[in-house]
Amino acid sequence: MDISDNLKTLARKSAGTGLLLIVVAAVTLEATSLIQYFSSQRMLKQEASLRAESELRSTRNQIMDIVDQAEAAVHNSIWITRWCLDYPDSLAVVARRIVEENPSVMGSTIALVPGYNKKLPLFAPYVCRTADGTTELKSLATEEYNYPAQEWFTEPLNYGFGYWSEPYIDEGGGEVLMTTYSVPVMDDAGRVAAVLTADVSLGWLTDLVGNVRVYPDAFSVLVSREGKIMVSPVEELNMHQSIQEFATGAKDTANFNVLADGMLSGKAGNVSLKQSRRERLFVFYAPVEKTGWSMAIAIPDSEIYGEIRRMSMLVTILMLVGLGMLILILRSAAKNQLKVSQLKEKKDRMENELRIGHNIQMSMIPKIFPPFPERKDIDMAATIVPAKEVGGDLYDFYIRDEKLFFCIGDVSGKGVPASLVMAVTRSLFRTVSAHEKSPQRIVTLINESMSDMNENEMFVTFFCGVLDMTTGHLRYCNAGHNPPLVLTDKIEFLPAIPNLPLGILPGMSFQEQEMDLSYDNALFLYTDGVTEAENLTHEQFGEARMQDVLRMRRSSQENLEAMQKAVADFVGAADPSDDLTMLFIHYLNDMQPDETERHLILHNDIQQIPQLADFIETIADEIKLDQGLAMSLNLALEEAVTNVILYAYPEGSDGLVDVEAIMSKDKLKFIISDSGKEFDPTAAPEADITLGVEDRPIGGLGIYLVRNIMDSVSYERTDGKNILSMTKKL
Amino acid sequence: MEVIINKEDSVTTVRLVGRLDTPASQDVAQHFEPLMSDAAGTIVLDCSEMSYISSSGLRIFLSLRKAAASQGGKVIVKSISDDIRQVFMMTGFLNLFEIQ
């Protein structure tokens, strides 16, 4: 129990350790993945910002190339314009040259400041590129256009240096996005004389900016100095709405305003715009110098973090799956451990029960040897060595009325079922033999009981014997058991009719046999565990070896030990295959050598009784008995003989009563036999001598006196004779 | 066996001489028959000369004792030998009789 408790605790502890392990693993994994997630996020954002900035720079550079080209074209023409101021007609030539030499310049004008040339209050020749690639000369000095009021004209004059106009849609030239660079031109005297312009088509901007794709879903926006949206993925907005206007209607207006302010103030920076609960838009912006424009690249955060989010999702799932599996593994491990400990407990309990079973079994059979230390006429030894904890072999013996009742048996099968049948058989033997003296009757009655209740088809080979201790007369009955060995001056098998084992056939008749044992004869009973003991090469111990072991004359106990050792030596390392059971009975009735016999034969006549007194007197003289004992023996003998005369022989019939006295040093034995009808005086109930006068029955004292005077009394019916043996120790 | 019966007033003395074995009991039983039918007084069984008694003898003693008991008399067993006392003890008769 202690061990199993400890195991349980251990199982619980290990389950607890498992839980702790899970928690630690989970926390570690979670922390690692969080750290990884955030550091990756930071790195990704950094990378996105780097990529956006580099893209912004590259786009800006491309824009600046064109802008510079246009500016250079204009600036390079200032000196010739100044030179041509006095010859207004040549100004158109200058403008045409600007257009023709600069592919990005769609049109150019040189507009004179009103009043500079007295003859020409308004003068502005305009050369523009046509669809077929040639140039066309127009005049902007029209009433309705009123060029001195136009921004491209006023602004450079106001500022005094080059000015990039707000982009505009050129309605005349095919709805093209345009911007105009204009510079004031001074004459040699330093007076402002004209404004020289170049119209730069911004159609390429749409492609250039539109093609900026840092990430597949990222997009770029270009706004003008004033905030007008020049290029954006949304066509309707372009040149129609300003970023400030857009900001008011956008989500996350606050941050959008920051963005708008940042862009309009010509700075570089980045803003994060919240689009929805999960979506943000990272906007990186930078100014495009000279033009006053600002370009922004917007990247949805899902673009930046998409991969890492997918990865972290995957990691989380993997982690959860891993944790789940860890939990399952630990739980099943804990369960298994519990199961193992439960199995162990179960096994322990079963072993314990088997051990108890073994003890109960062993307590059923006599196992104190020598069993009858006070007796000189018998020397016995017996042993059972079960192959398993409990076995199906049995032996039993006891002495009643100077008769040794003994048996040996072997239940078919092994283990617990066999042991139960063994216990039943042994109980039946004791119960039945308490009233029966004939082995044949004992065996028959046990067989009846066992056949009746034998539902499990188990049977018992059984040998039962009854040895008359005084005469050495052995009666026995075999029920399918191995014939015992009888040791006289030689060793041979007791002639035993096999019969059927017990429990097979109800109503089966068994045959009884008999023989006489003399002083120093012996019986060796055994189960097939002895003869069929196998060594590693599956050779059997056999009957010959068994007989050999018994050739040396030894005490019963020594014989058994020698046999056990011989079997063990023979079997060697092989597993014991069957229970090993042996019973050795050494008959040592020492009356035989120096005994004297006296005979008296009486007729069945009460009047012959006084002859017994003379008979006893002779014996008393012979073995020097005192008078009191002689009188008691006389009394016992008279009662026994009277019984025979009165009950064994019906009145009027004629018969003899044989009285035999066998005298030895330490005992006197009477054997009274007759050929009358069966009469067993020992079967009479005991007289109750404590009863009062009124209750006291008149009869029943005879056999009572016999039992009280003699040390042992036994009756048997043999060959149609009643034989009563009585012994008195001297 | 010799049975000598001497009746003085209400006391009947029965002297038993010899062995009271099974065949003797059959004679003694006949001698006892008149005593059994008139057992109201005191019956003294003088056993000083009785050397042996068997169970049939004991049976006669018991029958007499039962008759006396039913008639209000009593039976005194007198002068039994040690060996016979042993038999009386063995059979519980010491408790059934007044022994003198």
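The values are calculated or read from the model by the stated rules, or taken from the named source; none is laboratory data. Quick caveat, the model's predicted, so the values are computed rather than measured. Cβ coordinates were reconstructed from backbone atoms using ideal geometry, including for glycine residues, and neighbour counts include every protein chain displayed.
For residue A:681, which of the numbered conditions (1) in contact with a Gly (Cβ under 8 Å, 6 or more places away or on another chain); (2) surrounded by fewer than 20 Cβ atoms within 10 Å (Cβ to Cβ) fails to hold?
(2)
Looking at A:388, A:414, A:403, which one is assigned by TED's automatic domain parsing to the domain that holds residue A:557, modelled with pLDDT of 90 or more, among the basic types (Lys, Arg) and in contact with a Lys or Arg (Cβ under 8 Å, 6 or more places away or on another chain)?
Answer to the check: A:403.
With surrounded by 14 or more Cβ atoms within 10 Å (Cβ to Cβ), within 14 Å of chain B (Cβ to nearest Cβ) and either under 23 Å from residue A:604 (Cβ atoms) or at pLDDT 90 or above (or both) as the only criterion, which of A:673, A:632, A:725 stands out?
A:632
Residues checked against (1) more than 25 Å from residue A:617 (Cβ to Cβ); (2) among the polar types (S, T, N, Q); (3) under 11 Å from the mean Cα position of the chain (by Cα):
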residue	(1), (2), (3)
B:4	yes, no, no
B:7	yes, no, no
B:28	no, no, yes
B:37	yes, yes, no
B:43	yes, no, yes
B:51	no, yes, no
B:78	yes, no, yes
B:96	yes, no, no
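Could you please tell me which pairs satisfy a Cβ distance under 6 Å, a separation of 6+ or placement on different chains, a first residue in segment A:53-69 that is more than 18 Å from residue A:284 (Cβ to Cβ), and a second residue that is surrounded by 13 or more Cβ atoms within 10 Å (Cβ to Cβ) and among the basic types (Lys, Arg)?
Taking only residues 6 or more apart or on different chains, the pairs are A:67/A:290.
Quick check on my filter: what residues within segment A:131-147 are in contact with a helix residue (DSSP H, G or I) (Cβ under 6 Å, 6 or more places away or on another chain) and not polar (S, T, N, Q)?
Passing the criteria: A:137, A:140, A:147.
Working carefully through the options A:574, A:630, find the one that is small (Gly, Ala, Ser), touching a residue at least 12 places away in the same chain (Cβ under 8 Å) and either touching a Ser or Thr at 6+ places or on another chain (Cβ under 6 Å) or within 30 Å of residue B:27 (Cβ to Cβ) (or both).
Working: A:574 fails: either touching a Ser or Thr at 6+ places or on another chain (Cβ under 6 Å) or within 30 Å of residue B:27 (Cβ to Cβ) (or both).
The unique qualifying residue is A:630.
Mind listing just one residue for me: the one in segment A:311-341 that is within 20 Å of the chain's Cα centre (by Cα) and free of Cβ contacts under 8 Å to residues at least 12 places away in the same chain and, of those, nearest to residue A:38 (Cα to Cα)?
Checking each candidate, the answer is A:324.
Filter segment A:688-703 for residues that are more than 8 Å from chain B (Cβ to nearest Cβ) and in contact (Cβ under 8 Å) with a residue 12 or more places away in the chain; which is farthest from residue A:436 (Cα to Cα)?
A:700
Here is a check on your reading of the model: is residue A:722 farther than 30 Å from residue A:652 by Cα and in contact with a helix residue (DSSP H, G or I) (Cβ under 7 Å, 6 or more places away or on another chain)?
Numbers: farther than 30 Å from residue A:652 by Cα: no; in contact with a helix residue (DSSP H, G or I) (Cβ under 7 Å, 6 or more places away or on another chain): yes.
Here the answer is no, as residue A:722 does not meet what is asked.
Among all residue pairs at least 6 apart or on different chains, which show Cβ distances below 8 Å where the first residue, located in segment B:47-74, is over 14 Å from residue A:700 (Cα atoms) and the second is of a type in the set (Ser, Thr, Tyr)?
Hits for this filter: B:47/B:79; B:47/B:81; B:48/B:79; B:50/B:81; B:51/B:81; B:67/B:37; B:73/B:42; B:74/B:42.
For (1) in the same structural domain as residue A:660 (by TED's automatic domain parsing); (2) within 53 Å of the chain's Cα centre (by Cα); (3) within 27 Å of residue A:550 (Cβ to Cβ), each residue gets a yes or a no:
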| site | (1), (2), (3) |
| --- | --- |
| A:427 | no, yes, no |
| A:430 | no, yes, no |
| A:437 | no, no, no |
| A:440 | no, no, no |
| A:467 | no, no, yes |
| A:481 | no, yes, yes |
| A:490 | no, no, yes |
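Spot the failing condition for residue A:158; the list is (1) at pLDDT 85 or above; (2) touching a helix residue (DSSP H, G or I) at 6+ places or on another chain (Cβ under 8 Å); (3) not acidic (Asp, Glu), and only one is missed.
Checking residue A:158 against (1) at pLDDT 85 or above; (2) touching a helix residue (DSSP H, G or I) at 6+ places or on another chain (Cβ under 8 Å); (3) not acidic (Asp, Glu), the one that fails is (2).
State all residues of segment A:554-609 that are surrounded by 21 or more Cβ atoms within 10 Å (Cβ to Cβ) and within 14 Å of chain B (Cβ to nearest Cβ); if no residue qualifies, say none.
A:602, A:604, A:609
Can you go through A:612, A:523 and tell me which one is surrounded by 22 or more Cβ atoms within 10 Å (Cβ to Cβ), in the same structural domain as residue A:644 (by TED's automatic domain parsing) and under 30 Å from residue A:668 (Cα atoms)?
Just one listed residue meets the conditions, A:612.
If you take just the strands (runs of 3 or more DSSP E) that sit entirely in segment A:485-552, which of them hold at least 1 residues that are polar (S, T, N, Q) and closer than 30 Å to residue A:445 by Cβ? Quick ask: steps written out before the conclusion?
Values: elements: A:485-487, A:491-493, A:512-516, A:522-526.
Hits in segment A:485-552: A:512-516.
Name the single residue, out of those in segment A:429-446 being aliphatic (A, V, I, L, M) and more than 15 Å from residue A:501 (Cα to Cα), that is surrounded by the most Cβ atoms within 10 Å (Cβ to Cβ). So that I can check it myself, show each step before the final result.
From segment A:429-446, those aliphatic (A, V, I, L, M) are A:432, A:434, A:442-443, A:445-446; that's our starting set.
Adding the requirement that they be more than 15 Å from residue A:501 (Cα to Cα) leaves A:432, A:434.
Values: A:432: 19, A:434: 11.
Within segment A:429-446, the match that is surrounded by the most Cβ atoms within 10 Å (Cβ to Cβ) is A:432.
Output the residue which, of all residues in segment A:48-97 that are under 23 Å from residue A:116 (Cα atoms) and of a type in the set (Val, Ile, Thr), is nearest to the chain's Cα centre (by Cα).
That would be A:74.
Taking residue A:309, is it under 15 Å from residue A:42 (Cβ atoms) and at pLDDT below 85?
Taking the combined requirement at face value, the residue satisfies it.
Quick check, is residue B:99 modelled with pLDDT of 90 or more, away from chain A (no Cβ under 12 Å), more than 17 Å from residue A:698 (Cβ to Cβ) and touching a strand residue (DSSP E or B) at 6+ places or on another chain (Cβ under 9 Å)?
When the stated conditions are applied, residue B:99 does not pass them.
Could you grab me the full set of residues in segment A:357-397 that are loosely packed, with under 14 Cβ neighbours inside 10 Å and more than 27 Å from residue A:502 (Cα to Cα)?
Listed by number, the residues that qualify are A:368, A:373, A:374, A:376.
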